[in-house]
Every structure is written in structure tokens, then in C-alpha cells.
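Nothing in this text is a laboratory measurement; each read-out follows from the coordinates by a stated rule. Nothing here was measured: the structure is a model prediction, and the numbers come from that model. Glycine also receives a Cβ, built like all others from the backbone with ideal geometry; neighbour counts cover every protein chain displayed.
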Amino acid sequence: MNQILVTKKLYITPELKRKKKIYKFNFIISLFFLLVLVSLYIYAAYDRNKTAEQSEEILASVDIPEDTTVADSDVLVAVLNDTEQDNIEEAPVANLKPTVNKTKQKSSSGYTYVVDAKIQIPKINVEYGIVSGETKSVQETEELLKMSPVKFHGPEPNEVGNYCIVGHNYRNTKFFSKVPTLVNGDIIKITDMTGKTVEYAVYDKYTVVPEDVSCTSQETGGKTEITLITCTDDSKLRVIVKAREV
């Protein structure tokens, strides 16, 4: 039997040896790439957890006062006495708004931002601070998006116009991952830094190519609107969700 084994070994051709080396090389390469993929997955999971912690810190840092805005209908005209009542003219009433103090903060990557407002979407359990960068550059926006949803374009929160917010789709429950599931009639709440909360109802949803920014148009016909922007699951298109004050 030993003789047979030795005989078989003698008949291993150079071609078989070459194939054996190729198999070993391919196995080592495959193992290497597997380790790289596992490492990338672990790092991505760590990075997502880190950004989730940052977004929670941003939300916790939001110091929103009670809404003390005085509506026109709430202003009382005092009558001094009956004889002078007819001579009193009602003075015009200014729309009083509390002073907003947005504290500048620094991200870990060195970008300056402020917390602009808070967004809540009860249907998909979303509650985050909305941050606004100082320069609005692409690099700044990309870095801030790792921390929280970002103001992309538009007026101050809850003012007339189209307040546009962009957020990542991580294909889980974080940030704007579930925004593509919203349908007409779903409610989105925006609380600005004066403490005023406005409810918006979704009225449209569609997809566009990344270069199409027509959704940021400020032609709202004098209405107060918001636009949520995120990626499709394959990151090839952008999901646009439009909502109007109710």
C-alpha cells in the first residue's frame, strides 16, 4: 500500500502542482477579502452607533422655551372711563416674537453649526434636532448629516416658504430611513427655537435624480411648507416628501 501511495505521488504533474498553488493563493485572497468585509461591517456598525449617540446629544441640547408668542387676537384694549371710550382709537398691534438665541457649536470634524429646530414624525418614531451649517458647503453638509438631519435650504423654521431638510437613509430605523414609507395625510411636527410647534400634513411624495433640486423652490403661494429629502434604498435616486401646514 505504501508503495502504491509513493507511486501516486510520483505521478503528480507540474500542472497539478501549479493548480494547487493557485487554489491556495485564491483561498488566501478570499480569506483576506472576507476579513476586510467583516472589518468594514464592524466599523460601519460602530460609526452608525456613534452618529446615533451624537444625534441624541444634539436633541438633548435643544433648549426650546415655551411658546410665548402673542397673537393679535389676544391683545386687550383697556377702557379708561366711559366718557373717553368713544375717543379711544385701537392702535396697530405688532406681531411679537420672542428672541431666538442659537448657540454655535463645533462638530468633531471642526464644522460650525447651530440647532435650528426639532422634527417629530410620530408614525415612524422620528425625533431629532435639525442642525444648520455655517457655510452650507457640500463637505460641511455631508459631515453634519452623520450627526443629525440638516437644514438644506429655505426660510427659518415655521415661516412662510419651503423649509427643506435632508437626512440619511441607513436602511434601518435611524434618521430618515423610514421617511420613504410616509403617505399623504401623515403628520410631521416642527418645533422652532421659540417653542412654537407647527403640524404639517404630507401631500406629495416622489423620486428625482440627485441633480434635481427643483423640490427646494420657494414658490409656495404664501403657504408654510416643509420638504424632506433622503435617498432610495439603492442610493440611486432621492425621495422627496412634501408637507403643508395644517
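Label points 7 Å out from Cα along the Cβ direction at Thr232 and Val138: separation in nm?
Each label point is offset 7 Å from its Cα along the Cβ direction, giving 2.1 nm.
Working out 0.36 nm times the residue gap between Leu59 and Lys223, then minus their Cα-Cα distance, what length gain in nm do you get to one decimal?
Between Leu59 and Lys223, full extension yields 56.3 nm more.
Could you give the length gained by full extension between Asn172 and Thr103, i.e. 0.36 nm per residue of separation minus their alpha carbon distance, to one decimal place? Before the final figure, lay out each step's value.
Values: separation 69, 0.36 × 69 = 24.84 nm, distance 3.10 nm.
Length difference between fully extended and current span is 21.7 nm.
What nm value, rounded to one decimal, do you get for the distance between Ile22 and Leu35 when each label is placed 7 Å out toward the C-beta?
Each label point lies 7 Å from its Cα, and together they span 2.5 nm.
Which of the residue pairs Lys104/Lys146; Lys196/Lys236; Lys146/Lys223; Lys151/Lys205; Lys102/Lys174; Lys102/Lys136 have a Cα-Cα distance greater than 28 Å in the structure shown?
Working: Lys104/Lys146 18 Å; Lys196/Lys236 36 Å; Lys146/Lys223 31 Å; Lys151/Lys205 19 Å; Lys102/Lys174 25 Å; Lys102/Lys136 16 Å.
Where the Cα-Cα span goes over 28 Å, the pairs concerned are Lys196/Lys236; Lys146/Lys223.
Would you grab the residues whose amide H sits under 5 Å from the one on Lys146? Only those 5+ places off in sequence or on another chain, please, with H modelled 1.01 Å from N.
Here the answer is none, since no amide H 5 or more places off falls under 5 Å of that of Lys146.
Using Cα centres only, tell me the gap between the range 207-246 and the range 131-172 in whole Å.
A separation of 12 Å, based on Cα centres.
Could you sort 202-211, 174-183, 16-25, 228-237 so that the peptide with the highest average Cβ count within 10 Å comes first and the rest follow in order?
Highest mean packing first, the order is 174-183, 228-237, 202-211, 16-25.
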